[in-house]
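See below for the structure under consideration.
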Amino acid sequence: MAVDPGFGAFILEQLGRVAPSVRSRAMFGGLSFRTAEGTFALLDDEQLYLKGDKLSVARYEAAGWPPFRPFGEDGAAMNYFAVPGELLEDLDGLRPWVDLAREAAARAPKKKK
(Lines give C-alpha, C1' and ligand atoms only; values in the text may rest on other atoms or scores of the structure.)
Protein backbone atom coordinates (compact mmCIF):
# COMPACT_ATOMS: atom_id res chain seq x y z
CA MET A 1 0.00 0.00 0.00
CA ALA A 2 1.15 3.52 -0.72
CA VAL A 3 -0.66 6.83 -0.43
CA ASP A 4 0.36 10.37 -1.30
CA PRO A 5 -0.13 12.40 1.93
CA GLY A 6 -1.92 15.22 0.09
CA PHE A 7 -4.35 12.81 -1.53
CA GLY A 8 -4.94 11.12 1.82
CA ALA A 9 -5.80 14.50 3.35
CA PHE A 10 -8.20 15.23 0.45
CA ILE A 11 -9.98 11.88 0.96
CA LEU A 12 -10.26 12.47 4.72
CA GLU A 13 -11.76 15.90 4.04
CA GLN A 14 -14.27 14.52 1.51
CA LEU A 15 -15.28 11.63 3.77
CA GLY A 16 -15.61 14.06 6.68
CA ARG A 17 -18.20 15.99 4.69
CA VAL A 18 -20.47 12.93 4.50
CA ALA A 19 -19.46 10.96 7.64
CA PRO A 20 -19.26 12.87 10.91
CA SER A 21 -16.24 12.32 13.13
CA VAL A 22 -14.29 10.30 10.55
CA ARG A 23 -10.66 9.69 11.43
CA SER A 24 -7.82 8.13 9.51
CA ARG A 25 -5.07 5.79 10.56
CA ALA A 26 -1.92 4.66 8.78
CA MET A 27 -2.05 1.02 7.78
CA PHE A 28 0.68 -0.81 5.81
CA GLY A 29 1.54 2.33 3.84
CA GLY A 30 -2.11 3.11 3.14
CA LEU A 31 -4.86 4.58 5.28
CA SER A 32 -7.97 3.24 6.95
CA PHE A 33 -10.97 5.43 7.79
CA ARG A 34 -13.34 4.88 10.66
CA THR A 35 -16.24 6.39 12.55
CA ALA A 36 -18.00 5.17 15.69
CA GLU A 37 -19.39 2.24 13.65
CA GLY A 38 -15.89 0.96 12.84
CA THR A 39 -13.56 0.90 9.84
CA PHE A 40 -15.55 1.57 6.68
CA ALA A 41 -12.96 2.57 4.07
CA LEU A 42 -9.38 1.98 2.94
CA LEU A 43 -7.10 4.04 0.74
CA ASP A 44 -4.34 2.33 -1.22
CA ASP A 45 -2.34 3.58 -4.22
CA GLU A 46 -4.68 6.55 -4.72
CA GLN A 47 -7.75 4.28 -4.76
CA LEU A 48 -10.53 4.54 -2.17
CA TYR A 49 -12.33 1.34 -1.20
CA LEU A 50 -15.57 1.08 0.79
CA LYS A 51 -16.50 -1.80 3.08
CA GLY A 52 -19.05 -4.37 2.02
CA ASP A 53 -20.61 -7.41 3.68
CA LYS A 54 -23.08 -10.15 2.82
CA LEU A 55 -25.95 -7.64 2.87
CA SER A 56 -24.28 -5.06 0.61
CA VAL A 57 -21.80 -6.82 -1.66
CA ALA A 58 -24.42 -7.31 -4.39
CA ARG A 59 -24.89 -3.53 -4.67
CA TYR A 60 -21.18 -2.97 -5.22
CA GLU A 61 -21.02 -5.79 -7.75
CA ALA A 62 -24.10 -4.48 -9.60
CA ALA A 63 -22.43 -1.06 -9.81
CA GLY A 64 -19.32 -2.71 -11.29
CA TRP A 65 -17.00 -1.82 -8.39
CA PRO A 66 -14.10 -4.31 -8.25
CA PRO A 67 -12.98 -5.69 -4.89
CA PHE A 68 -9.74 -4.77 -3.18
CA ARG A 69 -7.02 -7.35 -3.83
CA PRO A 70 -4.05 -6.33 -1.69
CA PHE A 71 -1.82 -9.10 -3.05
CA GLY A 72 -2.48 -8.56 -6.75
CA GLU A 73 -5.03 -9.89 -9.22
CA ASP A 74 -4.32 -13.51 -8.29
CA GLY A 75 -4.65 -12.83 -4.55
CA ALA A 76 -7.72 -13.10 -2.40
CA ALA A 77 -10.33 -10.35 -2.57
CA MET A 78 -11.32 -8.40 0.51
CA ASN A 79 -14.82 -7.10 1.18
CA TYR A 80 -13.83 -3.56 0.18
CA PHE A 81 -14.82 -2.17 -3.20
CA ALA A 82 -13.16 0.45 -5.44
CA VAL A 83 -14.95 3.79 -5.55
CA PRO A 84 -15.09 5.35 -9.04
CA GLY A 85 -12.94 8.48 -9.15
CA GLU A 86 -15.77 10.75 -10.26
CA LEU A 87 -17.61 10.12 -6.97
CA LEU A 88 -14.78 11.59 -4.91
CA GLU A 89 -15.95 15.12 -5.70
CA ASP A 90 -19.68 14.32 -5.93
CA LEU A 91 -20.72 14.40 -2.28
CA ASP A 92 -24.39 13.73 -3.05
CA GLY A 93 -23.38 10.66 -5.05
CA LEU A 94 -20.79 9.53 -2.49
CA ARG A 95 -23.00 9.86 0.61
CA PRO A 96 -25.26 6.81 0.07
CA TRP A 97 -22.25 4.60 -0.62
CA VAL A 98 -20.45 5.81 2.50
CA ASP A 99 -23.63 5.18 4.48
CA LEU A 100 -23.77 1.65 3.06
CA ALA A 101 -20.14 1.07 4.08
CA ARG A 102 -20.72 2.45 7.57
CA GLU A 103 -23.71 0.13 7.98
CA ALA A 104 -21.48 -2.81 7.00
CA ALA A 105 -18.90 -1.65 9.55
CA ALA A 106 -21.57 -1.48 12.24
CA ARG A 107 -22.65 -5.07 11.48
CA ALA A 108 -19.08 -6.42 11.53
CA PRO A 109 -18.05 -8.43 14.59
CA LYS A 110 -16.06 -6.31 16.99
CA LYS A 111 -12.59 -7.50 17.98
CA LYS A 112 -11.98 -7.93 21.69
CA LYS A 113 -9.07 -5.95 23.09
For the chain, size of Cβ-based charge dipole, Lys and Arg +1, Asp and Glu -1, in debye:
940
Can you compute the helix-only [θ] at 222 nm over the chain? Use -39500 (n - 2.57) per DSSP H run of at least 4 residues, normalise by all residues, nearest 500 deg cm²/dmol.
-10000 deg cm²/dmol
Quick check: net charge around Val22, other residues with Cβ under 10 Å of its Cβ, Lys/Arg +1 and Asp/Glu -1?
+3
For the chain, what does the accessible surface come to per residue with a 1.4 Å probe? Please give it in Å².
59
Which of the three applies to region 4-66, rounded, prolate or oblate, going by the alpha-carbon gyration tensor with a ≥ b ≥ c and a/c under 1.5 meaning rounded?
prolate
Of the candidates Asp92, Asp53, Asp45, which one comes out as most mobile in a Gaussian network treatment of the chain with C-alpha springs shorter than 10 Å?
Asp92
Looking at region 15-113 only, what percent of DSSP beta bridges run antiparallel? Nearest 5 please.
100
Can you list the HN-Hα couplings for region 82-94, worked out from phi with the Karplus curve (6.51, -1.76, 1.60; θ = phi - 60°), rounded to whole Hz and with x for Gly and Pro?
5, 7, x, x, 5, 6, 5, 10, 10, 4, 5, x, 6
³J(HN,Hα) computed for each position of region 67-80 - Karplus, 6.51 cos²θ - 1.76 cosθ + 1.60, integer Hz, glycine/proline x
x, 6, 10, x, 10, x, 4, 8, x, 5, 8, 9, 7, 10
Long-range amide H contacts for Val3: which residues qualify at under 5 Å (H placed 1.01 Å from N, peptide plane, sequence gap of 5 or more or a different chain)?
Asp45
Of the heavy-atom accessible surface of the chain (probe 1.4 angstrom), what whole percent is carbon and sulfur?
53
Quick one: 3J(HN,Hα) in Hz for region 48-65, Karplus 6.51/-1.76/1.60 with θ = phi - 60°, rounded, Gly and Pro as x.
8, 10, 10, 6, x, 8, 4, 8, 10, 4, 4, 5, 5, 5, 5, 7, x, 7
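Can you put Tyr60, Tyr80 in order of accessible area, largest first, using a 1.4 Å probe?
Working: Tyr60 0, Tyr80 20 Å².
Largest accessible area first, the list is Tyr80, Tyr60.
The values are calculated or read from the model by the stated rules, or taken from the named source; none is laboratory data. What you see is a predicted model; the values in this text were computed from it and never measured. Glycine gets a Cβ as well: all are built from the backbone with ideal geometry, and neighbour counts include every protein chain shown. Note: accessible area is taken over every heavy atom of the protein model, side chains too, but ligands, DNA and RNA are not part of it. Shrake-Rupley method; radii C 1.70, N 1.55, O 1.52, S 1.80 Å.
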